[in-house]
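To start, the structure under review is shown below, and the notes come after it.
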Amino acid sequence: MPTTKDTSFKVWGSNANRTKHSAEALFAGLHAGHETIGKMVNVSEDNDRGADTLTPTRSCPNFDVSKGTQQADVWLNNYAVPIIARLNAKIHGLHFSAKDVMAMQELCGYETIIRGSSLFCGIFTSEEWLSFEYYFDIKYYYELGYGNDLSPTLGMPWVVATSDLLAHAKTNDQRLYISVAHRQIPPLIVTALGLFNDSEYLRTSNVNPVLPLDKINYQRAWKTSNFISFLSQIALERLNCKSAAYNGSYVRILVNSVPKPLPGCVSGSSDSCPLQQYRDYVKQRNKQYESFTKVCGVKNKKAPDAMTFFVKE
């Protein structure tokens, strides 16, 4: 944790106003409300950044932000039918659509965050809120998750860069590296790491690896409310242990402060993974996918395939 004597501590944030303000507020909070001592590094969101960015969806020409909408709308048009009938029966002269239902459910969330409460929230039943949650699970699965072949490649530069930091960090280096970015980054990271992957559960259960569009798969591992909530966090911790049971360096993954075991590597304390085994895992995952510039169809031959701003800026 930085102190008021620390003049070199940095926080990295993408260059949008909202992420800049969030990073600056977090930075000030780390100094217990005192004047910021260190430095907030703005990472450009320019399209020519290649993989060296906190907004890879913008620097990847082949990425389509509309992906997932078609599949999610199939489910919306399914679960919104009884809601529309109920609302139309109560309010004469108005004809609600499925998109109106979605807008009201979204307003519940945004108004609650901004104002502390929202009258829109009481319009819907618990089952209808589960349907709303499932809508975005479908949307993000096909846009930013395992339903999009681009996702692991877009998340891998951050995973590789932070893994290198964990492996090579020295005692006098910065001990806490914070990246503040848009909500698209967490699903890309968990996909690159192979977390929340329904196919991992097929070996021991009959869970459907695909999100059906006509009913909710309540047993799904891909539940985005676990990792794209407001102020969501994904952390990689290096644990240096010296005990009879555990001796050496380990990596533990925390998703919103909850330990998330890495598939096939839980031999360390608190379901952590030995550092070298973790690095091998990341290396193997990285080899499964082609380079960022190739997958994304980047025409600029000078665009980087790696994230380097942690050590450059």
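The values are calculated or read from the model by the stated rules, or taken from the named source; none is laboratory data. These numbers come from a predicted model, not from an experiment. Here the Cβ is made from the backbone with ideal geometry for all residues, glycine too, and neighbour counts use every protein chain on show.
Before moving on, here are some points about what is shown:
- For residue 310, the criteria (1) among the hydrophobic types (A, V, I, L, M, F, W, C); (2) closer than 15 Å to residue 195 by Cβ; (3) touching a residue at least 24 places away in the same chain (Cβ under 8 Å) hold in every case but one, which is (2).
- Single residue of 118, 126 found to be closer than 19 Å to residue 223 by Cα, among the small types (Gly, Ala, Ser) and modelled with pLDDT of 95 or more: 126
- Pairing each residue of the range 84-112 that is farther than 15 Å from residue 125 by Cα with any residue that is surrounded by 11 or more Cβ atoms within 10 Å (Cβ to Cβ) and among the small types (Gly, Ala, Ser), provided the two are 6+ apart or on different chains, yields C-beta distances under 7 Å for 98/80; 107/118; 111/118; 112/118.
- Screening the range 1-27 for residues that are modelled with pLDDT of 75 or more, part of a helix (DSSP H, G or I) and of a type in the set (A, V, I, L, M, F, W, C) and picking the one that is surrounded by the fewest Cβ atoms within 10 Å (Cβ to Cβ) gives 25.
- Note on the range 256-295: among residues that are within 22 Å of the chain's Cα centre (by Cα) and within 30 Å of residue 39 (Cβ to Cβ), the one that is surrounded by the fewest Cβ atoms within 10 Å (Cβ to Cβ) is 257.
- Residue match in the range 65-74 (condition: more than 20 Å from the chain's Cα centre (by Cα), among the hydrophobic types (A, V, I, L, M, F, W, C) and under 30 Å from residue 312 (Cα atoms)): no
- Check on residue 106, acidic (Asp, Glu), under 21 Å from residue 74 (Cβ atoms) and touching a Phe, Trp or Tyr at 6+ places or on another chain (Cβ under 9 Å): yes
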